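Undergrad: One structure follows; several queries about it will come next.
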Amino acid sequence: MSISRSKIEGYLLPVKKGKYYDKAQVDAFLQELANDADDTLCELSEKRDRVRELEKREESVAQALLMVKQL
């Protein structure tokens, strides 16, 4: 599940007994945020790996083109 900035800002935790938040609901919301952060970090890592792979390919193509030009 992806959580957006607007969802976080708009999330209202119900107040329990006048001034306290319900611990279970706070914990559930924090767990949702943590799960989404983990997913986002994993996705970012995969994207970085893909970028590195493409940069290596780009370098190989550039070297091949240079060799062809020299021939």
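The values are calculated or read from the model by the stated rules, or taken from the named source; none is laboratory data. Bear in mind that the values here come from a model prediction, so they are computed numbers and not experimental data. Cβ placement follows ideal geometry from the backbone for every residue including glycine, while neighbour counts extend to all protein chains displayed.
Undergrad: Only one of (1) within 16 Å of the chain's Cα centre (by Cα); (2) at pLDDT 90 or above is not met by Leu65, so which one is it?
TA: So Leu65 meets the others, but not (1).
Undergrad: Here is a check on your reading of the model: is Asp22 surrounded by 10 or more Cβ atoms within 10 Å (Cβ to Cβ), touching a strand residue (DSSP E or B) at 6+ places or on another chain (Cβ under 6 Å) and at negative phi? Outline the logic, then answer.
TA: Working: surrounded by 10 or more Cβ atoms within 10 Å (Cβ to Cβ): yes; touching a strand residue (DSSP E or B) at 6+ places or on another chain (Cβ under 6 Å): yes; at negative phi: yes.
So Asp22 passes the test.
Undergrad: Could you pull out the residue among Ser2, Ser60 that is polar (S, T, N, Q) and assigned to a helix (DSSP H, G or I)?
TA: Values: Ser2 fails: assigned to a helix (DSSP H, G or I).
Testing whether each residue is polar (S, T, N, Q) and assigned to a helix (DSSP H, G or I) leaves just Ser60.
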